Every structure is written in structure tokens, then in C-alpha cells.
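Inspection log for the structure reproduced underneath, given as C-alpha cells.
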Amino acid sequence: MDPDTLMRRLKMLDRYLMDGHDVPTIVHPRAILGETVHLEPGVIVLSGGIVNSGAHLDRGVIVNTGAIVEHDSRVEAGTHVAPGAILLGDVKVGSCSMIGAGAVVLPGTSVAAATIVRAGNRYPN
């Protein structure tokens, strides 16, 4: 998925919210959430997804199957964290970014908005 597609999805979500509709947060029963996680409307955490304490997921974020968002990380609106990707502690990911399958974002790193971290890569290199 590319940033343009993610931006279009986010714009649709924003229109829906601006029209006054409620948008649920969906968390699979086999996902794990820490005690102090903040999930905004439209967030989806799929089976095996893990979001640890202090993490903040903005509206429309997808944490796909088996992906991990570690403690104190912030994932901005419309971002997709693909299956098996890992955001280590205190990471910030800008809006409408794509963190590819199996990618690892190192602790304390910031990923700019509309960035693609390719599958299997470590960021920064």
C-alpha cells in the first residue's frame, strides 16, 4: 500500500467523522493491548497484534496480523503497520506511512509522514 492510497482512506474516514458518524475501534480478541494504550476512532488491531503501554495510535491506524507497537510509541493517522512489523520503543511514525511486513523500526526513531519502510528492512538502515 502506498502513501497516496493511505491518504485517500484517511480522507474518507475524516469525512465520515465530520458528518457526525461514530467510527468504532476494532481490536481482535487475540490482540494484546497494554494498560495505558490510547486508540483513536477507526483504529484496527488484528489477530496477534501487540500494542504496549504508553503507545498512542491516531485515527485510522492499522496494526496488522502479528505486528508489534512497543511502549511509548506514537503512530500518526492513516498509517499501516503490516504483518510482522515491529516498532520498537519510543518510535514516532508520521501520518499515512507504510511500515512493510517484517520491517523493524529502531528505538527512538522518527519516520516522516508518507514514508514507505520496505518489507524486511531495518529503519534507519
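The values are calculated or read from the model by the stated rules, or taken from the named source; none is laboratory data. Quantities reported herein were computed from a predicted structural model and do not represent experimental measurements. Note that each Cβ is placed from the backbone with ideal geometry, even for glycine, and that neighbours are counted across all protein chains shown.
Which one of R122, R59, R118 is of a type in the set (D, E, K, R) and either touching an Asp or Glu at 6+ places or on another chain (Cβ under 6 Å) or surrounded by 17 or more Cβ atoms within 10 Å (Cβ to Cβ) (or both)?
Answer to the check: R59.
Within region 58-81, how many residues are among the aliphatic types (A, V, I, L, M) and outside any loop (DSSP other than H, G, I, E, B)?
Final tally of qualifying residues: 6.
Quick grid of which residues meet (1) out of contact with any Pro (no Cβ under 7 Å at 6 or more places or on another chain); (2) of a type in the set (V, I, T); (3) surrounded by 15 or more Cβ atoms within 10 Å (Cβ to Cβ); (4) at pLDDT 95 or above:
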| residue | (1), (2), (3), (4) |
| --- | --- |
| P24 | yes, no, no, yes |
| S53 | yes, no, no, yes |
| N64 | no, no, yes, yes |
| E70 | yes, no, yes, yes |
| A77 | yes, no, yes, yes |
| G84 | yes, no, yes, yes |
| V111 | yes, yes, yes, yes |
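Quick test of your reading of the structure: G54 fulfils all but one of (1) touching an Asp or Glu at 6+ places or on another chain (Cβ under 7 Å); (2) within 18 Å of Y123 (Cβ to Cβ). Name the failing condition by number.
So the condition that G54 fails would be (2).
Can you tell me which residues in region 93-122 are closer than 18 Å to A55 by Cβ, aliphatic (A, V, I, L, M) and in a strand (DSSP E or B)?
Listed by number, the residues that qualify are V93, I99, V104, V105, V111, V117.
Does P41 fit the bill of being modelled with pLDDT of 95 or more and closer than 30 Å to G20 by Cβ?
Yes; evaluated as a whole, the condition is true for this residue.
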